[in-house]
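Step one of this worksheet: look at the structure below.
What follows draws every value from the coordinates through simple rules; no lab data is involved. Predicted model, so just to flag it, every value in this text is computed and none were measured. Methodologically, a virtual Cβ is constructed for each residue, glycine included, from the backbone with ideal geometry; neighbour enumeration extends over all protein chains shown.
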Amino acid sequence: MSKTITPLIAGNWKMNGVSASLAELTALGQALTAGPAPRAIVVICPPATLLAAASAHGASSGILTGGQDCHPAKSGAHTGDISAAMLADAGAQYVIVGHSERRANHGETDELVRAKAEAGFAAGLKPIICVGETEAERDAGQAETVVERQLAGSIPDSEATFVVAYEPVWAIGTGRTPTNAEIAQMHARIRGVLTARFGERGASVNILYGGSLKPSNAREILAIEHVNGGLVGGASLLAKDFAAIISAV
Ligand code: PGA
């Protein structure tokens, strides 16, 4: 029997959005408050420049916010970086760590991702820890091994609440997704790893699916066992699409 977990739908705006984009948040808020209350926790992770404004904007409609990355240190000489405490100060409750774009573009290792997740905990944030295999790794039959290694290396030993996002690298921004059976198999595997390591607590961790999640496939993907929500990139930029994904829960 699987536990009842409140689904979480998080939008990752990546390096998109200027002040005018806050109109999408207003529209999303209107869409969410117009109908029946959403069955999911709704989080938007805008670029850091918009975080404080987005947090203020979302407050009245129950939209939470998160950062897209943080530095492992509390403060210091790290030009251009942002600490978890700064994200929290700007109103964030979540922080994405270890997104594959950070792993690929900035050479982030599991060890660094784990330190970032710990920094998130210390600032009172819930880290959304991302894992996922490349296409070559899947083709080589290594998908589960890679994801297990990332989980082992990236999740800190802690009592604090965290979220896992399974995002196959080859599905991000490509319009391609794994089959429902492949998603079910990986999410069951991740659940197994979490319960083996964290016991009861591992049974209540939200495991999000991410990678080309959109209104047309959200209903079937979000219904798969151990898929407790989604991490949405492209389709989170327009309120209409993101609201459709939320209502698919
Ligand atoms: P996508 O991105 O929805 O645009 O595929 C997902 C992500 O990178 O989190």
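Using C-alpha positions alone, give me the convex hull volume of the stretch 20-97 per residue in cubic angstrom.
It is 79 Å³ per residue.
Round to the nearest 0.05 the FRET efficiency obtained for residue 77 and residue 161 when R0 = 30 Å and r is the Cβ-Cβ distance.
Between residue 77 and residue 161 the formula returns 0.45.
Percent relative contact order of the stretch 40-230, based on C-alpha pairs within less than 8 angstrom and at least six residues apart?
After rounding, I find 15 percent.
Between the alpha-carbon centers of the stretch 100-140 and the stretch 72-97, tell me the distance in whole angstrom.
16
Ranked from highest to lowest mean number of other Cβ atoms within 10 Å per residue, what is the order of the peptides 120-133, 31-44?
Most protected by this proxy first, the peptides run 120-133, 31-44.
Can you figure out the FRET efficiency of residue 56 with residue 201, using R₀ = 51 Å and their beta-carbon distance, to the nearest 0.05?
0.95
Output the Cα-based Rg and Dmax of the stretch 66-209 in Å, rounding Rg to one decimal and Dmax to a whole number.
Here Rg and the maximum Cα pair distance are 15.0, 47 Å.
How many lysine pairs are close in the chain, with Cα atoms under 24 Å apart and the two 8 or more places apart or on different chains?
The result is 10.
Given labels modelled 7 Å from the Cα in the Cβ direction, how far is it in nm from residue 30 to residue 216?
Simple spin-label model gives 2.7 nm for this pair.
Per 10 Å bin from zero, what fraction in whole % of the C-alpha pairs of the chain is there, up to the bin with the longest pair?
Bins of 10 Å from zero give 8, 34, 38, 18, 2 percent of pairs.
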